[in-house]
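Below is one structure, written out as structure tokens; comments come after it.
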Amino acid sequence: MLMKGKKGVVLGIANKKSIAYGIAKSCKEQGADIAITYLNERFQKKLEPIAKELECEDRLYPCDVTNEKEIEDLKESLERDFGKIDFIVHSIAFAPKEGLSGRFVDISKDAFRVAMDISVYSLIEVTQKLKPILSENSSIVTLSYLGGVRYIPNYNLMGVAKAALEMSVKYLAEDLGKDGVRVNAISAGPIKTLAAAGIGDFSFMLKWNAAHSPLKRNVTIEDVGNSGMYLLSDLSKAVTGEIHYVDSGYNIMAMPAVVFDENGKPTIAWNGE
């Protein structure tokens, strides 16, 4: 049991298709005690069955990361119920609809501010508020995507936010390393989550990634969940400041693989519709 005796909080589960759920489930299966958070009353009711499955019905806490007091209240609740905690999973991101479509040059300042506040600063603020109850050798994991380092159609503002998130991981890792706290990110391949529903042509993105990744398949929440559990466990106690790709190797590809037709002409290795 790799996580036996570990206690931690998972922020950002929306449903059983969430990457955060995959990480929480893997940690629970390896013996961890978990607390989870919800955004508002609507999500509270959706998460109650998940909390029961994860055996944390009494550790289902409200936390809207745009509300400083709710983060402070989360710290108090965790300290009351756990004392110290060993890990934090930050799986929170948001950009207004205008930031995920149209021309990037037309994005408003308000949309930019909202995306950076919720998708990036929330990691910093959650870490800041919960740091007093982090145990020695604790671990923090957040979620990124390849769109933070390369252009991805329709990702737009969220790509810029993920770029800032990844650099925040590196700066937090250096700053908190002296305290024994590790900070890493997982850059997952595309998965059908609630958040992904806001990205245009997402079904095509799934087909493209499956066709052109070295492993020729998309990843699952179980794949990402197990990698998240590894980064939260003592197996990765010498790993920090890393962006760990879990995308069937798609991130290494500079161009699609090429095959030759019957006339010897090169063509993209693509069997999608």
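Residue-by-condition table, conditions (1) assigned to a helix (DSSP H, G or I); (2) aromatic (Phe, Trp, Tyr); (3) modelled with pLDDT of 95 or more:
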position	(1), (2), (3)
61	no, yes, yes
66	no, no, yes
69	yes, no, yes
86	no, no, yes
128	yes, no, yes
152	no, no, no
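Taking (1) modelled with pLDDT under 95; (2) closer than 30 Å to residue 84 by Cβ in turn, residue 196 satisfies each apart from (2). Among all positions in region 225-235, there is at least one residue which is of a type in the set (Ser, Thr, Tyr) and either touching a Lys or Arg at 6+ places or on another chain (Cβ under 9 Å) or over 18 Å from residue 86 (Cβ atoms) (or both). Go through the residues of region 175-189 one by one and say whether even a single one is more than 14 Å from the chain's Cα centre (by Cα) and buried (at least 20 other Cβ atoms within 10 Å of the Cβ). Looking for residues that are more than 14 Å from the chain's Cα centre (by Cα) and buried (at least 20 other Cβ atoms within 10 Å of the Cβ), one finds at least one in region 175-189, hence yes. Restricting 245, 250, 230 to those that are aromatic (Phe, Trp, Tyr) and more than 17 Å from the chain's Cα centre (by Cα) reduces the list to 250. Take residue 101 and decide whether it is among the hydroxyl-bearing types (Ser, Thr, Tyr), within 28 Å of residue 201 (Cα to Cα) and in contact with a Gly (Cβ under 8 Å, 6 or more places away or on another chain). The answer is yes for residue 101.
If you check 162, 192, 216, which single one turns out to be in a helix (DSSP H, G or I) and farther than 26 Å from residue 33 by Cα?
Working: 192 fails: in a helix (DSSP H, G or I); 216 fails: in a helix (DSSP H, G or I).
After applying the criteria, what remains is 162.
For region 219-247, a tally of residues being without any contact (Cβ under 8 Å) to a residue 60 or more places away in the chain, buried (at least 20 other Cβ atoms within 10 Å of the Cβ) and part of a loop (DSSP other than H, G, I, E, B) returns 1.
So in region 88-126, with the set limited to residues that are among the β-branched types (Val, Ile, Thr), out of contact with any strand residue (DSSP E or B) (no Cβ under 8 Å at 6 or more places or on another chain) and part of a helix (DSSP H, G or I), which one is surrounded by the most Cβ atoms within 10 Å (Cβ to Cβ)?
Within region 88-126, the first condition is being among the β-branched types (Val, Ile, Thr), and the residues that meet it are 88-89, 92, 105, 107, 114, 118, 120, 124, 126.
When the remaining residues are screened for being out of contact with any strand residue (DSSP E or B) (no Cβ under 8 Å at 6 or more places or on another chain), the result is 105, 107, 114, 118, 120, 124.
From what's left, part of a helix (DSSP H, G or I): 105, 114, 118, 120, 124.
Values: 105: 5, 114: 18, 118: 17, 120: 22, 124: 14.
Restricting to residues being among the β-branched types (Val, Ile, Thr), out of contact with any strand residue (DSSP E or B) (no Cβ under 8 Å at 6 or more places or on another chain) and part of a helix (DSSP H, G or I), the top hit is 120.
Of the residues contained in region 177-184, one or more are found to be at pLDDT 95 or above and assigned to a helix (DSSP H, G or I).
The values are calculated or read from the model by the stated rules, or taken from the named source; none is laboratory data. Given the structure is predicted, the values throughout are model-derived calculations rather than measurements. Glycine gets a Cβ as well: all are built from the backbone with ideal geometry, and neighbour counts include every protein chain shown.
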